[in-house]
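Structure, as structure tokens:
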Amino acid sequence: MTHTIDTGPTTATPYRRRWIALFVILAAEVMDLLDAMITTIAAPSIQTDLGGSSSMIQWLGAGYTMAMAVGLVTGGRLGDLYGRKRMFAIGVLGFTASSLLCGLALSPEMLIGARVLQGLFGAAMIPQGLGMIKEMFPPQEMAAAMGAFGPVMALSTVAGPVLGGWLVDADLFGTGWRMIFLINLPIGLLALIGAISYLPESRPSHAARLDLTGVGLVSAALFLLIFPLVQGRDLGWPAWTFASMAASIVLFVLFGRHQSRKERAGGDPLVVMSLLRKRAFSGGLLTGVVFFSGMVGFSLVFGLYTQIALGYDPLKAGLAGLPNAVGTLVGFIAVNASGLAQKAGRKLIHIGAIIMMAGVIGVGVTLDLAGMGVTPWQLAPALVVTGAGMSLIMAPFFDIVLAAVEPHESGTASGTLTAVQQLGSALGTAAIGTIFFGLLERHWRFDETMRLTIWITVGMLAATFLTAFLLPLRARPEEPEKATQS
């Protein structure tokens, strides 16, 4: 079944099945968000079953987010070239098939490879949904449609660790940890059927060509940076690991020059380099890398600490992190209901960073006072505060950063910002995970290692506070004539 909508500057009537289509898009979003977080709890069980070193645990997250970061740079462009509905369906089908490969993995290498495929297909899937939403919904319904993403993100954050812990403990049909991936099969198939049946055909009248040289340069640069960060500790940090990280810097510079030349020549670069000359946008990228590195790195180490050091089973470990997600959900609801993100703007990011620092320090104080017998209930108050602070940072962040760009730059800017978010997640998993396991190998006690991780996270939040001064005070209100050009 095929539906077509006009992608020109004006749309006579809204797409009739837009709310069903939104549900299909959100189902795909849930799959992506769940799989980004779910391995944090299941990782120790996976390592026990498949074997592998501690770097395998890091690759389960870093491989997925690194592939997502690379893919997001080009995912939206592929939708422009070949049609958003088609690329969304391909992304859903590939993501579901990759989930099956994860569930059938016989070795750590096979599982990590399947996770990378998941990330790549997720990057093909996610940008298409956002593009179609902007075309399907009239301006007066756009806020409601886009507003659905906040609660879905928060609920997926809540559900990921808890669902992962329950599925591992339940051992459904004797699958153990494999069910955290196999559960995507019915969701993915329903999303695929929904995409074919209800999503409209969507392709811009002018589609920019894909910059394959740029894709190769940025992919190689990211790999040369992330691989030695994760694998170097297991190999004893040979000289080539440092040479690889140095080479990644060279390739990033070459990528920047290539993109600048392509832009000056009137071509279609992956990243519009003139955006980086805008302090607000480049500051937003820096803020995003620092914040998401700290947030994801802390989540990884906390999930591992509760199981390896405190002896929690996977379900208890998932429930231990639930207050953090609840605080995030409550914070999002409060901010959206009060309109505080628009009123406070950048100040809300500063307030959120301070509150989140207090919460993370509170986790450290609780662990010091209660010792190795600490219970999830004792950790709950500090984690609720941590989650609330996180939501205050995230609520205005994207709107404020994108307020610095011109309308014709918004597509490239959105893709670049989201890719940098994923890059920050990969760096956090690689760097903080490497520090955590490296200190354990040097015979640091678990409590000492966790305490250092907490102070690293606090330092990153302090850097988030400082870099946020580069952002505009608040997001620009969207002008009516611009809002109608969807």
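Structure above, values below:
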quantity	calculated
Given (1) of a type outside the set (Lys, Arg); (2) at pLDDT below 85; (3) farther than 30 Å from Gly371 by Cβ, index of the condition Gly433 fails	(3)
Filtered residues of the range 342-354 (kept if surrounded by fewer than 22 Cβ atoms within 10 Å (Cβ to Cβ) and assigned to a helix (DSSP H, G or I))	Gln342, Lys343, Ala344, Arg346, Lys347, His350, Ile351, Ile354
Gly284 being modelled with pLDDT of 85 or more and either touching a helix residue (DSSP H, G or I) at 6+ places or on another chain (Cβ under 9 Å) or assigned by TED's automatic domain parsing to the domain that holds Leu423 (or both)	yes
Which numbered condition Ile355 fails, given (1) among the hydrophobic types (A, V, I, L, M, F, W, C); (2) under 18 Å from Phe292 (Cβ atoms); (3) within 21 Å of the chain's Cα centre (by Cα)	(3)
Matching residues, the range 313-330, being in a loop (DSSP other than H, G, I, E, B) and either free of Cβ contacts under 8 Å to residues at least 60 places away in the same chain or surrounded by fewer than 22 Cβ atoms within 10 Å (Cβ to Cβ) (or both)	Asp313
Criterion: touching a residue at least 60 places away in the same chain (Cβ under 8 Å), farther than 15 Å from Gly113 by Cα and in contact with a helix residue (DSSP H, G or I) (Cβ under 6 Å, 6 or more places away or on another chain) - qualifying residue of Gly75, Gly61	Gly75
Qualifying residue in the range 198-208 (condition: basic (Lys, Arg), surrounded by 17 or more Cβ atoms within 10 Å (Cβ to Cβ) and under 27 Å from Leu106 (Cα atoms))	no
Boolean, Ala247 is buried (at least 16 other Cβ atoms within 10 Å of the Cβ) and either modelled with pLDDT under 90 or not assigned by TED's automatic domain parsing to the domain that holds Gly438 (or both)	yes
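The values are calculated or read from the model by the stated rules, or taken from the named source; none is laboratory data. Please read these numbers as outputs of a predicted model, since none were measured by experiment. Backbone-built Cβ (ideal geometry, glycine too); neighbour counts: all protein chains shown.
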